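Structure first, then comments.
The values are calculated or read from the model by the stated rules, or taken from the named source; none is laboratory data. No experiment lies behind these values; they were computed from the predicted model shown. Please note: Cβ atoms are built from the backbone with ideal geometry, for glycine as well, and neighbour counts cover all protein chains shown. Each accessible area value is taken on the protein alone, full model and side chains, heavy atoms only, with ligands, DNA and RNA left out. Shrake-Rupley method; radii C 1.70, N 1.55, O 1.52, S 1.80 Å.
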Amino acid sequence: MKKFLVVGNGFDLAHGLPTRYNDFLYFLVLCIDAFSDWRNWSIYGKQDDYKLEQAAFNDILHSFSNNKAVKDIFDENFENIRQNLQSAEMKDLFKNDLMKYMICIYASKMNLDYEFHWIDVEDELMKFIIDFNNSDRIYVGNTICLNIAYQDESERNFRTFYCKSISRYLKTLSNVPTEKLKSKIFEYIFKQLEQFSSLLKFYLELIMKKFNNEKRSSHLHFRFNSDVSDDFYFSHIISFNYTNTAETYNPNARMYYVNGAVFGSLQEKNIILGFENPFSSNSQEYCNDNVHLFFKNVQRILYGFEYKHNRWFASMREDFSPTPKDIEKKIKDNARYVYIVGHSLSLSDKYILLDIIEKSDKIRIYYFNEEDKKSKITNLYKILGDEKFYEYVNNDSAKHRIVLCPQSEIEVKL
């Protein structure tokens with residue numbers, strides 16, 4: 001029997017790591033507050049029309065929901081952060097429209113009792129890109145703007161977000177043919193996404209440096225039910241995280257970081273931060289070619305990532321001619337058990353998750369609470385479809401049996 005562990009961000013959260021989406025955005029606002037004069041930015045046009053960013057930064061900076069651990073990491077690494085933001089890669093960070101847009105979207109939902117997840121990054125990035133793709137009014141000298149919805153008591157209020165750096169960039173393209181302007185814009189936004197990704201990677205490096213230092217002086221303990229050994233042994237670990245938290249338990253396991261990693265066996269210059277193709281295969285031709293750069297699958301090929309799990313699962317299934325003597329042993333040796341911990345089963349990872357499920361014999365999916373259970377069941381249904389959901393879930397005779405288990409079956413000691 002081969003045991004595979006699949007982890008998502010909930011695995012890091014169980015270890016007390018500040019790896020939520022809103023933790024990262026709070027870190028960004030701390031950087032903006034410390035290293036830019038955002039309260040007195042000189043702004044062209046009507047000044048009252050450009051208050052959105054200042055209000056968003058201020059709301060996040062003083063929010064009661066902020067994680068103290070983020071502030072501690074920021075304070076402990078203040079000079080390191082300052083130097084990083086002065087690097088050539090980050091020198092234009094405070095002009096990054098995509099980053100500011102993400103922060104403003106987050107601020108617009110803070111009073112709605114909205115729980116933020118990393119899928120929100122992908123969803124908002126997709127909306128940002130699709131708005132540009134659908135626009136037929138991009139021309140040199142154009143002022144680019146988007147609307148952000150705020151909820152004021154019972155009333156929905158739209159406020160205008162101005163893409164100042166993108167608008168300024170457009171003005172430099174006077175010699176570019178009109179039909180090529182949109183491609184240039186997407187190239188420019190992709191560079192902003194790479195900058196956003198680089199700062200995310202830097203933030204997670206700071207978290208993992210502290211985690212690894214603290215781990216040396218403590219005994220980590222993460223124990224499953226009785227069919228997984230106490231020493232956290234898995235032959236293979238598939239991580240949807242950028243961190244190497246799971247690898248610290250078993251450094252000898254074969255690791256596959258689906259989206260890249262900031263530490264561990266995979267050291268990539270880039271991490272995968274994008275969204276799944278929202279277009280059908282028939283309509284895909286109607287989006288600009290450079291939109292494809294934002295698709296996760298395209299980025300994996302662009303950055304040279306391999307789909308290691310395909311090879312791992314294939315190697316477990318060797319053809320053999322069973323005899324009465326060895327058939328039971330062969331079947332047991334070839335069985336593949338998968339444990340999914342801390343992953344939301346979001347549709348953005350649909351194809352990889354479906355691939356894992358269909359190549360496994362038994363899958364345990366752990367849920368945090370009843371709300372999380374409902375969400376996972378719903379997402380699982382969307383991934384599998386009606387027929388496979390009926391066939392696989394809670395069916396003892398299913399070839400690819402899926403069982404949902406409470407996370408309380410897992411014991412964590414830090």
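Which of the residues spanning the stretch 2-16 are in contact with a strand residue (DSSP E or B) (Cβ under 6 Å, 6 or more places away or on another chain) and open to solvent by 20 Å² or more (accessible area, probe 1.4 Å)? Before you say what the answer is, go through the steps one by one.
Filtering the stretch 2-16 down to residues in contact with a strand residue (DSSP E or B) (Cβ under 6 Å, 6 or more places away or on another chain) leaves 2-7, 11, 14.
LYS2, LYS3, ALA14 - these are the residues of the stretch 2-16 that are in contact with a strand residue (DSSP E or B) (Cβ under 6 Å, 6 or more places away or on another chain) and open to solvent by 20 Å² or more (accessible area, probe 1.4 Å).
Among GLU214, GLU179, GLU155, which is out of contact with any helix residue (DSSP H, G or I) (no Cβ under 9 Å at 6 or more places or on another chain) and either under 30 Å from ALA261 (Cα atoms) or buried (at least 19 other Cβ atoms within 10 Å of the Cβ) (or both)? If you could, list the steps in order and put the result at the bottom.
Working: GLU179 fails: either under 30 Å from ALA261 (Cα atoms) or buried (at least 19 other Cβ atoms within 10 Å of the Cβ) (or both); GLU155 fails: either under 30 Å from ALA261 (Cα atoms) or buried (at least 19 other Cβ atoms within 10 Å of the Cβ) (or both).
Sole residue among the options that is out of contact with any helix residue (DSSP H, G or I) (no Cβ under 9 Å at 6 or more places or on another chain) and either under 30 Å from ALA261 (Cα atoms) or buried (at least 19 other Cβ atoms within 10 Å of the Cβ) (or both): GLU214.
For residues that are over 27 Å from MET110 (Cβ atoms) and open to solvent by 40 Å² or more (accessible area, probe 1.4 Å), tally how many sit in the stretch 130-140.
Our first condition is that a residue be over 27 Å from MET110 (Cβ atoms); within the stretch 130-140, this holds for 133-140.
Still in the list and also open to solvent by 40 Å² or more (accessible area, probe 1.4 Å): 134, 136-137, 139-140.
Result for the stretch 130-140: 5.
Sort out which residues of the stretch 1-11 are within 13 Å of the chain's Cα centre (by Cα) and not small (Gly, Ala, Ser), and write them in order of number. Step through it out loud before you land on a result.
The first filter runs over the stretch 1-11 and keeps only residues within 13 Å of the chain's Cα centre (by Cα), leaving 7-10.
VAL7, ASN9, listed by residue number.
Any residue at all in the stretch 104-116 that is charged (D, E, K, R), under 18 Å from ILE189 (Cβ atoms) and surrounded by fewer than 16 Cβ atoms within 10 Å (Cβ to Cβ)? Reasoning before the result, please.
First pass over the stretch 104-116, keeping only residues charged (D, E, K, R): 109, 113, 115.
So of that shortlist, the ones also under 18 Å from ILE189 (Cβ atoms) come out as none.
No, there is no match, as no residue in the stretch 104-116 is charged (D, E, K, R), under 18 Å from ILE189 (Cβ atoms) and surrounded by fewer than 16 Cβ atoms within 10 Å (Cβ to Cβ).
Pull up the stretch 152-195, narrow it to residues that are in a loop (DSSP other than H, G, I, E, B) and small (Gly, Ala, Ser), then point me to the one that is farthest from the chain's Cα centre (by Cα).
In the first step, residues of the stretch 152-195 are kept if they are in a loop (DSSP other than H, G, I, E, B); the result is 153-154, 163, 172-177.
Narrowing further to those that are small (Gly, Ala, Ser): 154, 174.
On the way: SER154: 31, SER174: 37 Å.
Once the filter is applied, the top-ranked residue is SER174.
Please find, within the stretch 87-103, the residue that is surrounded by the most Cβ atoms within 10 Å (Cβ to Cβ) out of those that are more than 15 Å from ALA56 (Cα to Cα) and of a type in the set (A, V, I, L, M, F, W, C).
For the stretch 87-103, the residue satisfying everything is LEU93.
Residue under question is PHE64, and the condition is that it be hydrophobic (A, V, I, L, M, F, W, C), surrounded by fewer than 20 Cβ atoms within 10 Å (Cβ to Cβ) and at pLDDT 90 or above; does it hold?
Values: hydrophobic (A, V, I, L, M, F, W, C): yes; surrounded by fewer than 20 Cβ atoms within 10 Å (Cβ to Cβ): yes; at pLDDT 90 or above: no.
Answer is no for this residue.
When residues of the stretch 301-320 are filtered for being modelled with pLDDT of 75 or more and within 23 Å of ARG336 (Cβ to Cβ), how many remain?
9
Filter the stretch 110-140 down to residues that are part of a helix (DSSP H, G or I) and basic (Lys, Arg), then give me how many there are. Walk me through it before giving the result.
First, the residues of the stretch 110-140 that are part of a helix (DSSP H, G or I): 110-112, 118-134.
The next check asks that each one be basic (Lys, Arg); those that pass are 127.
Qualifying residue count for the region: 1.
Any chance you could count how many residues in the stretch 397-406 are open to solvent by 60 Å² or more (accessible area, probe 1.4 Å) and over 23 Å from GLU370 (Cα atoms)?
Pass one, the stretch 397-406, residues open to solvent by 60 Å² or more (accessible area, probe 1.4 Å): 397, 399, 401.
So of that shortlist, the ones also over 23 Å from GLU370 (Cα atoms) come out as 397, 399.
Number of matching residues: 2.
So if I check each of ILE357, ILE383, which one is closer than 27 Å to ASN297 by Cβ, of a type in the set (Val, Ile, Thr), modelled with pLDDT of 90 or more and touching a strand residue (DSSP E or B) at 6+ places or on another chain (Cβ under 7 Å)? Before the answer, list the steps.
On the way: ILE383 fails: touching a strand residue (DSSP E or B) at 6+ places or on another chain (Cβ under 7 Å).
Going through ILE357, ILE383 in turn, the sole match is ILE357.
Filter the stretch 338-374 for residues that are part of a helix (DSSP H, G or I), of a type in the set (Gly, Ala, Ser) and open to solvent by 50 Å² or more (accessible area, probe 1.4 Å) and give the result.
The initial filter retains those residues of the stretch 338-374 that are part of a helix (DSSP H, G or I), namely 347-358, 370-374.
The next check asks that each one be of a type in the set (Gly, Ala, Ser); those that pass are 348.
Those that are part of a helix (DSSP H, G or I), of a type in the set (Gly, Ala, Ser) and open to solvent by 50 Å² or more (accessible area, probe 1.4 Å): none in the stretch 338-374.
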